[in-house]
Amino acid sequence: KMAFASHSHRDPSGTYTFSSRPRAVENRSKHSETTKRHYGNIMYDRRVVRGNTYAKHILPTTAQPDPAEIRRQQANRRRAIARKQAREQFRPNTPEALEGRKHTDVQTELYLEELSNIIATTDIECQTDPFLDRPATPLFIPAKSGKDVETQIEEGELFDFDIEVQPVLEVLVGKTIEQSLLEVMEEEELACLKAQQRAFEELRNNELAEVQRLQEMERRHNEEKERRIAQQREVLRKEKEIAEKIAARAYTQQYLAGLLPAVFTSLRRHGYFYNPVEKDIETNFFPWLMDEVNNRVERRYTAREILDTMIYDVTQKRLERFNEEETQPEKSDS
């Protein structure tokens, strides 16, 4: 880009003129979002004269800017960029499209608008009129009116100091004496007020001490009363506790008077209480006796079975012999 210098100068007649070399218009892109424009406010341009131009200091265009102002602008620009980056970082973004899909901008307004890449542009030119310096405002002198009249007064005709000063002195002296008397009376009144205030403070302090003494006495009485009430409540609580214990003991004794025999009877009936001799006979002697009786009965039964078997065998053998003896005589007879 080329820089074109501007020239401003003041004519000897006091007229301010401004001239600038012509320059070509920059090529604009079709899409406004691709190029970033920097707009400026003419009201904050130091080269623009505003208000009264009389005796106004005109800043030349070749003046160097203030380094402090440049540093402040750069710091403000950096802070603005940092704030913008922070907002962009924390702003919720659209999630990425799924595989095989892509995001497309869609109009969601009620009335659709035709989108076009061609942007309508218009060139406008303007030229400002030169400003003239305002002349100095002349001093205001009112117009003369009426007629001039003069007279002469001799010494002593209008004013005699010795005579005219007497009422003034009387007034001054009277006012001074009156003011002095008022100040003395005010001092005496202030002294009386201070004495009354001291007496009142002493009386108030005495009354305050008496009130504090009475409050302390009342506090001690209340504490003693609370302590006595607490002691009496403790005594009543202990008496109630003792009465409850006595009633509980009497009820327990009355309840246990019939409970113990029933419990012992039930326990004895269920075998928890027993005679050791009787228990020993029942658990040891009777089982041993029954085992011995069973053994002897079993032996007797076994002996009887053996005897029966032997008797049966003997009878069978004798029967067989008897039958054999009967059959032999029949054979001999034949």
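FYI, it's all coordinate maths here, none of it is from the lab. Just so you know, these numbers come straight off a predicted model, no measurement behind them. So basically every Cβ, Gly included, is an ideal-geometry build from the backbone, and we count neighbours across all protein chains shown.
Brief remarks on what is shown
- Built amide H within the under 5 Å cut-off of residue 133, gap 5+: 16
- Once the C-beta distance of residue 110 and residue 89 is scaled by a Förster radius of 30 Å, the resulting FRET efficiency is 0.35 to the nearest 0.05.
- For region 165-177, backbone phi angles converted through the Karplus equation (6.51, -1.76, 1.60; θ = phi - 60°) give residue-by-residue couplings of 7, 4, x, 5, 5, 4, 5, 4, 5, x, 5, 5, 5 Hz, Gly and Pro being listed as x.
- Placing pseudo-labels 7 Å out from each Cα toward the beta carbon at residue 45 and residue 328 gives an inter-label distance of 17.7 nm.
- Size of region 276-324 as Cα extents on the principal axes (Å, biggest first): 70, 8, 6
- Within region 66-125, GluC sites (Glu not before Pro) in DSSP loop having at most 11 other beta-carbon neighbours inside 10 Å: 96, 99, 109, 113, 114, 125
- Inter-part distance where region 211-240 and region 123-178 are each reduced to a Cα centre, Å: 90 Å
- With R₀ set to 41 Å, the beta-carbon distance separating residue 250 from residue 230 gives a calculated FRET efficiency near 0.85.
- R0 of 30 Å, Cβ-Cβ distance residue 288-residue 268: FRET efficiency to nearest 0.05: 0.70
- Listed by chain and number, the aspartates and glutamates whose C-alpha is less than 20 Å from the C-alpha of residue 279, apart from same-chain residues fewer than 8 away, are 291, 292.
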